[in-house]
Amino acid sequence: VNELNSFAKHAKEENVSVESEDIKNGNGVKEDSLMSLSPKKIGTYTGRESNDVEKWYGIRESKNKIQIRNFEDVIYTIVTSPNVFTPTNHVLANFCKGRKLVILVSETIDNLYGKKIREYFIRQFPLDAFFIQRIKTGEKQKNLRNIETICLTAKKFKLDRKGLLIAVGGGVLNDMVGFAASIYKRGIQYIHINTTLVGQIDVAVGIKTAVNFNGTKNFLGSFYPPMAALNDPTFLYTLPIREIRCGLAEILKMAIICDRKLFELLEQYGEVGLGQHFAEDTVTREIIHRAIIRMVEELYPNLYESNLERLVDFGHTFSPRIEVKSKYKIRHGEAVAIDMAISCRVACLLGYLTTEEYERIVRLYMKIGLPFFNEQTCDAKDLWDSLIEIYLHRGMKLNFIVPLTIGAADFIKEKEDIGFSVLQQAVSDLRNLFKEYRMIKFGGN
Ligand SMILES: NC(=O)c1ccc[n+]([C@@H]2O[C@H](COP(=O)([O-])OP(=O)(O)OC[C@H]3O[C@@H](n4cnc5c(N)ncnc54)[C@H](O)[C@@H]3O)[C@@H](O)[C@H]2O)c1
Ligand SMILES: [Zn+2]
């Protein structure tokens with residue numbers, strides 16, 4: 001199978017057509033194992049290949065059934081490259097050679113960096129090879145209308161199937177451009193340039209694209225890998241500190257679920273990192289790199305989320321509802337921080353996490369200024385309802401993530417194993433902690 005796979009890949013590179021008969025004959029497929037086909041996307045290198053999947057590629061044929069499994073690899077690159085739009089930086093240009101380009105730039109980024117971005121493309125490419133379009137962003141703009149705008153821009157520019165979409169902006173824009181790329185002429189390639197910390201450590205790492213739909217966050221979307229994600233840390237200098245904290249929340253997520261050392265780095269350097277907007281080439285870049293690697297490790301065996309037990313969903317159980325309920329006044333990262341605090345308190349009340357470690361986590365929250373409670377959106381009954389929603393979303397399993405210690409976590413499978421009263425208690429404890437904290441910090445204002 002491996003030989004066939006490499007032959008086929010080679011053939012694909014050389015643009016040689018591979019006849020199905022060749023594959024069939026070469027592969028010697030077995031009829032009787034038809035039923036063992038797993039719905040998992042096969043041909044994706046998972047690194048942690050599961051033993052239950054029999055690997056084969058090609059066509060299996062019986063009287064009433066034809067099965068097709070191709071050998072598409074998922075390959076994408078995450079590059080850290082400071083000053084990506086400096087004329088002497090060729091990283092982006094090297095990915096784009098010989099293609100037509102449509103560059104989608106968020107309004108904020110256009111206002112701040114538009115001149116530099118235009119100069120870059122003018123210098124690197126013929127004028128008729130690229131088109132730059134400003135796109136309105138914000139969660140309310142993350143909708144199908146904007147997808148149409150992107151597709152229409154590309155169509156007017158006559159972007160062909162070899163063309164590239166390039167997104168320059170935050171997670172909202174990158175999610176939308178990825179989605180547009182996945183449907184434009186049934187799919188063309190795209191490049192992420194994430195200009196926020198959340199974008200660089202989270203959006204850039206996975207293959208998910210989305211828009212909000214009918215009041216639900218990220219309801220429509222696709223799994224569609226980019227060609228590359230370019231992380232330019234210098235963009236972070238202009239990112240408001242509140243947005244930096246949102247990224248920090250996602251980094252803290254990785255620390256709590258799987259990397260104690262990362263947690264310690266945050267304890268030691270989190271505040272300094274905030275002061276430098278996580279943009280400097282100091283230990284803060286090590287923190288970012290480490291968070292990305294941990295995220296990649298968690299995501300890549302399960303890029304298409306066929307396995308619904310995902311540790312990276314920590315902080316993403318209550319948070320969608322918190323975001324929506326606040327009408328997006330609470331940012332994604334802030335909602336994740338609040339969700340993680342509730343989850344940690346639940347873990348503590350259920351005896352998974354020691355009080356000592358819970359308090360250590362809370363101390364770090366306070367040190368780096370992450371929110372752990374919000375009166376308007378944290379209603380126990382409402383949060384319980386979101387557990388039910390998530391239960392349906394995760395294939396009739398709750399898969400609620402609880403930290404066991406700092407750096408390791410596990411899943412609670414059923415709602416009953418948490419119980420409404422425990423959730424209620426957790427919310428009440430955090431409300432009290434928040435009141436106390438406000439008294440100490442702001443004298444009750
Ligand atoms: N696809 C995924 O795997 C994935 C992962 C995490 C989050 N997301 C999605 O990403 C979104 C959140 O991303 P986000 O936090 O980047 O939000 P965002 O795109 O809304 O950007 C945050 C704010 O920062 C501004 N901004 C962006 N870059 C800037 C810069 N360099 N300087 C100054 N201002 C700048 C934006 O205009 C915006 O006001 C959510 O919609 C979330 O669902 C997707
Ligand atoms: Zn997130």
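Annotations for the structure displayed:
- Every residue from the stretch 284-327 that is of a type in the set (Ser, Thr, Tyr), part of a helix (DSSP H, G or I) and under 30 Å from Glu375 (Cα atoms): Ser319
- Of the residues making up the stretch 161-211, those that are polar (S, T, N, Q) and within 16 Å of ligand 2 (Cβ to nearest atom) are Asn174, Asn194, Thr196, Gln200, Thr209.
- Any hit, the stretch 238-257, residues being more than 11 Å from ligand 1 (Cβ to nearest atom) and outside any helix (DSSP H, G or I): no
- Meets criteria (more than 24 Å from Phe314 (Cβ to Cβ) and near ligand 1 (Cβ under 9 Å from one of its atoms)) for Thr153: no
- Some residue of the stretch 386-398 being more than 23 Å from Leu252 (Cα to Cα) and either among the hydroxyl-bearing types (Ser, Thr, Tyr) or modelled with pLDDT of 95 or more (or both): yes
- Of all residues in the stretch 194-220 being of a type in the set (Gly, Ala, Ser) and more than 8 Å from ligand 1 (Cβ to nearest atom), the one that is modelled with the highest pLDDT: Ala204
- Of the residues making up the stretch 299-317, those that are over 18 Å from His332 (Cβ atoms) and within 14 Å of ligand 1 (Cβ to nearest atom) are Tyr300, Asn302, Leu303, Tyr304, Glu305.
- Residues that are over 18 Å from the mean Cα position of the chain (by Cα), within 17 Å of Arg242 (Cβ to Cβ) and part of a helix (DSSP H, G or I) within the stretch 328-350 comprise just one, Ile338.
- Residue-level check: of (1) out of contact with any Ser or Thr (no Cβ under 8 Å at 6 or more places or on another chain); (2) surrounded by fewer than 20 Cβ atoms within 10 Å (Cβ to Cβ); (3) not basic (Lys, Arg), Ser222 misses just (1).
- Close pairs from the stretch 249-272: first in contact (Cβ under 8 Å) with a residue 12 or more places away in the chain and over 20 Å from Phe373 (Cβ atoms), partner within 16 Å of ligand 1 (Cβ to nearest atom) and not in a helix (DSSP H, G or I), Cβ under 6 Å, at least 6 apart: Ile257/Phe314
- Only residues that are surrounded by 17 or more Cβ atoms within 10 Å (Cβ to Cβ) and more than 30 Å from Leu392 (Cβ to Cβ) were counted in the stretch 292-313, giving 1.
- Ile287 vs. criteria among the β-branched types (Val, Ile, Thr) and out of contact with any helix residue (DSSP H, G or I) (no Cβ under 6 Å at 6 or more places or on another chain): no
The values are calculated or read from the model by the stated rules, or taken from the named source; none is laboratory data. Fair warning: this is a prediction, and the values are worked out from it, not measured in the lab. No Cβ is skipped: glycine too gets one built from the backbone with ideal geometry, and neighbour counts run over all protein chains shown.
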